[in-house]
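Below is one structure, written out as structure tokens; comments come after it.
The values are calculated or read from the model by the stated rules, or taken from the named source; none is laboratory data. Just so it is clear, the structure is predicted and the values come from calculations on it, not from any experiment. All Cβ positions, even for glycine, are placed from backbone atoms using ideal geometry, and neighbour counts span all protein chains on display.
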Amino acid sequence: MAQSTLIHGRYRLLDLVGRGGMGEVWRARDESLGRRVAVKCLKPPGRREDAGFLRVLRERFRREARVAASLQHRGVTVVHDFGDDDGLLYLVMELLEGRNLSQLLADNKGQPLPLAEVLDVAEQVAAALAYTHAQGVVHRDLKPANVMRSADGAVKICDFGIARLAHDIGFTARISGSGTAMGTPHYMSPEQIADSAVDHRSDLYSFGCVLYEIATGSPPFEGADPWAVLVGHRDTPPVPPRVHRPDLPPPLATAILRLLAKAPDERPGAAAGLAGELAAARAQLSGAGPGGWGTTAFPGAPAAPAAAAGIAPLWMPPWTRGMDAGLPAAGRRPAGTPPDGAPVGAGGLAAWWSGSPGRRSRVSLGPPPVPGEPARRGPMASWGAARVSAPSGAADTTHAAARAAPARVTAQGALPQERLALLADRRDAGLRLGRAGRWEEAYEVHRAVAAERELLLGPHHPDTLAVRHELGRALGRLGRWEEALAEHRRLACVRAQTLGSADPATVASRNEEAHCLERLGRRSEADEVYRELARGR
């Protein structure tokens, strides 16, 4: 193919993006609709004179292209059109601006990707695979080069149907003259190597290989000899990823090893089965949850609240914003109307419910007093009154109100556990909304939960900071990078003062700060943050 070639009288080839064994990918312009697209031009193997072969080939191509075009999910590349132009098979797809995972690893000089990015990729690819597998579609060639991370942070899987088509028309990978099933050796499942039946669990194994590589910097099995790699997949247990990267959250490492089980039956039954481990890893990365630095990580802190029975998840759809929540059954809502200027979050549930600046909630930041003993100030007592200088523009009126109202002990000397349990449920709902790509709603939920936790626990309590981390992340996914940068800088400042600059939570906030700077085009500032982190380690 050549530049300016017109495919099917409609698609003008502009510049070559990539070339492989099956053909070429071009950036092109759809002359009919005036939009930029990507065109994959597939080159059939020899026997062009064999009319029967070409007829079967075109039929198989149409079949696979229709399947690929039927996939409608934010994590799958959209196929706009396909056809046959004088023997040239072509697919027209959305044009993605970004880098695939192989390129990101190369950009990072072979070093593993930041933990937040690894987890984000894991969550998005798992969601895409759960969808495609539910449609009965198996990728068969999942690898870093087929996973694209676009400029806005979205992750998309490319080339559905291509591996099956390649297998059907003779592009089967061959090693030492012996046929093997289609796939790339570093990411092939044991059943692909054995050329036995392949189902969605083969994709899960390949997914595990991809996660292993972006998390540790190298695939689970390496070697210059392809057979050594294949034998490793077939017979050798992988080295646990935390051996290569000790700071990897244990739930994520566990998920990767489950995906890499040799027997398909020992892997998760579906990509959706990874949700619990990925959520636990996200909680640890955010500084909350088991093994993280939530309330249980501090002596004297109250135990993490269990979910209150009978309380529904509390994200609110857009049409409910501004609605009053109504009277709770226990009748503990303050009487009267909210005072003027009281901070209110999504759904009107923030300052008035928990206590406005004029009606402060009085909560315990440590264990209840023991009768007959003098009052003790536990390690948590300083959270409500701590002061940290936030970057300009980072704090809103809710932050100021919370800082002006240090928490005090109730007459019962205990935190309002039911309310904290409700807020924990709300945060979980916000995380689910983010995983579903509903970032505007996730942002509103996290904003409301952050406001209430600040009033109940203080602005520098770990649980408050954990949800503010999610708030900053949601701002980034909405493209509000300046606001996200201010949020993560404030978090990094607070965490450095309260936890230390080397704490994983502080490092996570600094990494997010650098990521925001990159998104804003301030590369030199981002590099300086990365250098500081490297010096610290």
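Residue pairs whose Cβ atoms lie under 7 Å apart, sitting 6 or more positions apart in sequence or on different chains, and linking a residue in region 423-447 that is at positive phi and touching a residue at least 24 places away in the same chain (Cβ under 8 Å) to a partner that is outside any helix (DSSP H, G or I) and surrounded by fewer than 24 Cβ atoms within 10 Å (Cβ to Cβ), are G437/R74. For the residues D235, D195, D225, the requirement of being farther than 21 Å from L101 by Cα, at pLDDT 80 or above and exposed (fewer than 15 other Cβ atoms within 10 Å of the Cβ) singles out D235. For V210, the test of being at pLDDT below 95 and β-branched (V, I, T) is failed. For region 145-155, check the following and say yes or no: at least one residue is more than 12 Å from the chain's Cα centre (by Cα), of a type in the set (D, E), outside the structural domain of A514 (by TED's automatic domain parsing) and surrounded by fewer than 21 Cβ atoms within 10 Å (Cβ to Cβ). Yes.
Could you list, in sequence order, all residues of region 1-60 that are β-branched (V, I, T) and either at pLDDT below 75 or outside any loop (DSSP other than H, G, I, E, B) (or both)? Lay out the reasoning, then the answer.
Taking region 1-60 as the starting set, the residues that turn out to be β-branched (V, I, T) are 5, 7, 17, 25, 37, 39, 56.
Once the filter is applied, which keeps residues that are β-branched (V, I, T) and either at pLDDT below 75 or outside any loop (DSSP other than H, G, I, E, B) (or both), region 1-60 yields I7, V17, V25, V37, V39, V56.
So is R140 of a type outside the set (V, I, T) and at positive phi or not? Spell out how you get there, then give the answer.
Working: of a type outside the set (V, I, T): yes; at positive phi: yes.
Considered against the rule, which asks whether it is of a type outside the set (V, I, T) and at positive phi, R140 comes out as yes.
Residues that are assigned to a loop (DSSP other than H, G, I, E, B) and touching a residue at least 40 places away in the same chain (Cβ under 8 Å) within region 67-89 comprise L71, H73, R74, G75, T77, G87, listed in sequence order. Among the conditions (1) crowded, with 23+ Cβ neighbours inside 10 Å; (2) at pLDDT 90 or above, S286 misses just one, which is (2). What about A261, is it in a loop (DSSP other than H, G, I, E, B) and under 27 Å from the mean Cα position of the chain (by Cα)? For A261, the condition - in a loop (DSSP other than H, G, I, E, B) and under 27 Å from the mean Cα position of the chain (by Cα) - is met. From the list G75, G161, the lone residue that is within 27 Å of P219 (Cβ to Cβ), buried (at least 21 other Cβ atoms within 10 Å of the Cβ), over 24 Å from the mean Cα position of the chain (by Cα) and not β-branched (V, I, T) is G161.
Can you pull out every residue in region 505-529 that is buried (at least 17 other Cβ atoms within 10 Å of the Cβ) and either over 21 Å from L478 (Cβ atoms) or in contact (Cβ under 8 Å) with a residue 60 or more places away in the chain (or both)? Answer for region 505-529, where residues must be buried (at least 17 other Cβ atoms within 10 Å of the Cβ) and either over 21 Å from L478 (Cβ atoms) or in contact (Cβ under 8 Å) with a residue 60 or more places away in the chain (or both): A505, T506, V507, A508, R510, N511, E512, H515, V529.
Within region 90-112, does at least one residue satisfy the condition of being over 30 Å from V210 (Cβ atoms), crowded, with 17+ Cβ neighbours inside 10 Å, over 31 Å from the mean Cα position of the chain (by Cα) and in contact (Cβ under 8 Å) with a residue 12 or more places away in the chain? Even if it seems obvious, please write down each step before you answer.
Of region 90-112, the ones over 30 Å from V210 (Cβ atoms) are none.
No, region 90-112 has no match at all.
Do we find a residue being closer than 16 Å to S286 by Cα and either assigned to a helix (DSSP H, G or I) or assigned by TED's automatic domain parsing to the domain that holds E117 (or both) anywhere in region 524-532? Looking for residues that are closer than 16 Å to S286 by Cα and either assigned to a helix (DSSP H, G or I) or assigned by TED's automatic domain parsing to the domain that holds E117 (or both), one finds none in region 524-532, hence no.
Residues in region 1-22 that are under 25 Å from A145 (Cα atoms) and touching a residue at least 40 places away in the same chain (Cβ under 8 Å): M1, Y11, G21, M22.
Residues checked against (1) surrounded by fewer than 21 Cβ atoms within 10 Å (Cβ to Cβ); (2) out of contact with any Cys (no Cβ under 9 Å at 6 or more places or on another chain); (3) at pLDDT 90 or above; (4) within 22 Å of A197 (Cα to Cα):
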site: L259; (1), (2), (3), (4): no, no, yes, yes
site: A263; (1), (2), (3), (4): yes, yes, yes, yes
site: A297; (1), (2), (3), (4): yes, yes, no, no
site: P305; (1), (2), (3), (4): yes, yes, no, no
site: A309; (1), (2), (3), (4): yes, yes, no, no
site: T320; (1), (2), (3), (4): yes, yes, no, no
